[in-house]
Structure formats: C-alpha cells, structure tokens
Amino acid sequence: MQDFSASPAAPPVYQPPTYRLAFHGAGGSLFLLILKNLFLTVITLGVYAAWARAERRKYMWSSTEIAGQRLVFTGTGLELFKGYLKVLAAYIAFAFIPVIGNYFIPGSRPILQIVLAVAVIFLVPFVIYWSRAYLLSRTRWRGIHFGLEPGAGAYAKTFIGGYLLTLLTLGIYGPVWLNRLRAILLNNTRFGTERFSYDGGNADAFWIGFKGFLFSVLTLGIYYFWYAAKMNRFVLSHTSFMGARGKSDLTAGDMFAILVGSVLGTALTLGIAFPWIIVWATRKMLDRITFVGEVDFALVAQRSSAGNAASDALAHDLGVDLAL
C-alpha cells in the first residue's frame with residue numbers, strides 16, 4: 001500500500017548570487033616593475049614618471065578580479081605626460097601673475113600671491129572630483145567603462161562648507177562631512193549606463209565616527225582598529241549596484257595586521273618590502289569584500305566617459321590623489 005504520510009520535500013532556499021573580489025598581484029613582479037620605472041625615470045630626468053604611473057596602474061588594475069573578470073586600465077603615459085605639461089604651464093602662469101600685476105599696480109604682489117594661494121585651496125575639491133572622473137573613465141570591466149557623472153560643483157560646495165563646519169565644531173562634524181562627500185562620489189559613479197547607490201545615513205556615520213574618536217582617545221589609539229573596520233563594513237553595506245549590495249567581513253584584527261604590518265614591514269626593510277606589503281594588504285582587503293544580489297548585466301550598456309589627465313596630475317601634486 002502506498003504511504004501518503006510522508007511530508008513533501010521543502011523547496012530549496014533561494015541563494016542570491018555572490019560576486020567576489022580578488023587580487024592576483026605578486027610582490028616580486030611589482031618589485032621589478034617599480035625598479036624598472038625608477039631606473040627609467042632617473043635616466044630620463046623625470047620624463048618617464050608619467051609612463052611609470054600608467055604602467056603601475058595597469059599592473060594593479062589587471063591584478064584585480066571582480067566576479068571572475070579582471071579590471072583594465074586604458075590610460076596611457078602620453079596623456080598623463082601631456083597632463084603634467086598643462087599643470088606645469090599653469091604653475092608658470094601662477095608664478096608670473098603676481099609679477100605682472102605688480103608691474104601695473106606697484107605693491108600688489110603680496111596680495112596677488114595670497115589670492116592665488118586661496119584660489120588653489122578652493123580648487124582642491126574640484127581637483128579631487130575631476131581626478132576620480134579621470135580614473136573611472138580609464139577603468140574598464142567586462143568591456144564596459146566606468147564613469148563619474150558631472151557634479152564637481154556640488155561636491156566642492158559640500159567639501160568647503162563641511163570643512164568649515166568641522167573646524168568650527170572642533171572635528172565633531174567630521175564624520176557627517178566625510179559621509180556626505182562619500183555619498184556624492186558613490187551616487188555619481190556609474191558602470192556603463194547604470195549607477196551605483198549609497199544610502200549610508202549621516203546620523204549612523206556620525207555615531208560610528210564619534211565613538212571611534214572617543215574610544216580611540218580613551219584607549220590611547222587601540223580602539224582605532226575597531227573603528228576603521230566598522231566604518232569599512234558600514235560603507236560597503238550601504239553601497240549597492242543594481243540588485244547587489246556590498247558586504248565587508250573586515251575585522252579589527254585585519255585592520256591591525258594591515259596598518260601595523262605595513263608600517264613595521266616597510267620600516268624594518270628600509271622600504272625594500274614595500275611591493276610585497278602592497279600586494280599582501282590589497283589582497284587582504286579585497287578578499288573580505290563581496291556584493292550579494294541579482295545583477296542583470298544585459299541591461300548595462302556602454303556609455304562614453306570623460307576625464308582629463310591634467311586633473312590627475314594636479315591631484316598628485318597637491319597630495320589629494322588616491323596614491324595609485
């Protein structure tokens with residue numbers, strides 16, 4: 001007789017796809033690349049620096065894998081070199097403006113120098129935004145370029161206003177300021193025709209930052225590693241692309257190993273171990289990051305991206321680039 005008492009099998013639980021990041025660089029190959037770049041930069045009296053920068057980026061990009069496919073950096077040394085020349089021309093113009101102004105208005109040179117210095121300070125947020133636009137426009141994945149939507153004006157307004165508020169509040173506004181800047185950059189970042197999204201709340205960011213500062217002071221800096229890991233997890237968990245949301249498993253122990261290991265390793269080896277440390281730290285960071293959820297890549301179409309290499313060169317000179 002057939003037994004009808006057995007309950008039907010439960011339907012399988014749906015598991016959304018997971019997109020993992022990985023880094024495949026090797027310290028030895030990066031060391032040889034840096035050595036070659038240093039040699040060629042020296043013998044060309046610095047001219048090769050632009051090509052060295054492009055080659056280093058190509059290596060780091062091609063070593064970075066997202067969901068089984070590598071990034072591609074399409075920028076060239078020549079365009080970076082032309083960018084450096086434009087920045088050099090701007091420096092020369094800035095140097096001569098006070099001289100020429102003083103010729104027509106005697107005694108105006110110090111005032112003009114101050115005005116130009118303030119102008120450079122106000123230019124910083126624009127340079128940060130434009131340099132990101134350049135890097136994204138030269139980054140390709142699955143044959144499609146990334147990009148950054150126009151928005152340097154809004155970014156600069158938030159940057160300058162937030163900076164002043166952070167100074168006036170003795171740093172208390174800092175976490176909110178940084179979170180608002182992060183939101184502008186991420187919400188304007190796109191892959192082809194599709195944008196990323198960031199929904200991290202300012203209040204949440206404030207409490208993470210405030211607790212991080214307070215407990216770091218009380219513990220003589222020890223809590224900083226917990227703060228850095230928690231902020232990293234917060235940012236990733238509020239970053240999404242189409243149907244996939246970011247996730248970071250970075251822990252305080254990971255942050256301690258990365259930061260302390262990088263400093264000690266570089267110092268104890270007089271910088272020789274730097275390439276191996278970069279590879280190790282990058283791999284450790286990326287291995288902890290995933291994006292979970294459905295992404296219909298068929299909906300992503302190619303779209304042209306604009307970016308000026310001069311802004312990248314200026315960001316490097318002003319110390320506000322991504323050190324890549």
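The values are calculated or read from the model by the stated rules, or taken from the named source; none is laboratory data. Here the structure is a predicted model, which means the values were calculated and not measured. Glycine gets a Cβ as well: all are built from the backbone with ideal geometry, and neighbour counts include every protein chain shown. These area figures cover heavy atoms from the full protein model, side chains too; ligands, DNA and RNA do not enter into them. Shrake-Rupley method; radii C 1.70, N 1.55, O 1.52, S 1.80 Å.
Entry remark, the stretch 107-166: residues being under 19 Å from the mean Cα position of the chain (by Cα), of a type in the set (Ser, Thr, Tyr) and not in a helix (DSSP H, G or I) number 1 in total. Within the stretch 238-249, restricting attention to residues that are at pLDDT 95 or above and either under 19 Å from Trp177 (Cα atoms) or open to solvent by less than 60 Å² (accessible area, probe 1.4 Å) (or both), the residue that is nearest to the chain's Cα centre (by Cα) is Thr239. Of the residues making up the stretch 137-163, those that are of a type in the set (A, V, I, L, M, F, W, C) and either surrounded by fewer than 20 Cβ atoms within 10 Å (Cβ to Cβ) or within 15 Å of Arg182 (Cβ to Cβ) (or both) are Trp141, Ile144, Leu148, Ala154, Ala156, Phe159, Ile160.
Can you say whether Leu80 is under 30 Å from Tyr163 (Cβ atoms) and either crowded, with 17+ Cβ neighbours inside 10 Å or under 21 Å from the mean Cα position of the chain (by Cα) (or both), as far as the supplied structure shows? The answer is yes for Leu80. Within the stretch 215-237, is there a residue that is open to solvent by less than 60 Å² (accessible area, probe 1.4 Å), within 29 Å of Gly161 (Cα to Cα) and among the β-branched types (Val, Ile, Thr)? Scanning the stretch 215-237 turns up at least one residue that is open to solvent by less than 60 Å² (accessible area, probe 1.4 Å), within 29 Å of Gly161 (Cα to Cα) and among the β-branched types (Val, Ile, Thr). Restricting attention to the stretch 277-324, which residues are in a helix (DSSP H, G or I), open to solvent by 40 Å² or more (accessible area, probe 1.4 Å) and among the aliphatic types (A, V, I, L, M)? Listed by number, the residues that qualify are Ile278, Met285, Ala298, Leu299, Leu318.
At least 1 residues that are of a type in the set (Ser, Thr, Tyr), closer than 30 Å to Arg142 by Cα and out of contact with any Lys or Arg (no Cβ under 8 Å at 6 or more places or on another chain) in each: list the strands (runs of 3 or more DSSP E) lying fully within the stretch 170-269 that qualify. Outline the logic, then answer.
Numbers: elements: 189-191, 194-198, 239-241, 243-248.
Result: 194-198, 239-241.
Of everything listed in (1) touching a residue at least 24 places away in the same chain (Cβ under 8 Å); (2) buried (at least 19 other Cβ atoms within 10 Å of the Cβ); (3) not aliphatic (A, V, I, L, M), the single unmet condition for Trp177 is (1). Take Ile66 and decide whether it is of a type in the set (A, V, I, L, M, F, W, C) and free of Cβ contacts under 8 Å to residues at least 24 places away in the same chain. When the stated conditions are applied, Ile66 does not pass them. Restricting the search to the stretch 44-77, which residues are within 21 Å of Gly147 (Cα to Cα), of a type in the set (A, V, I, L, M, F, W, C), open to solvent by 50 Å² or more (accessible area, probe 1.4 Å) and not in a strand (DSSP E or B)? Correct list: empty. Within the stretch 217-225, not a single residue is closer than 28 Å to Ile184 by Cα and under 19 Å from the mean Cα position of the chain (by Cα).
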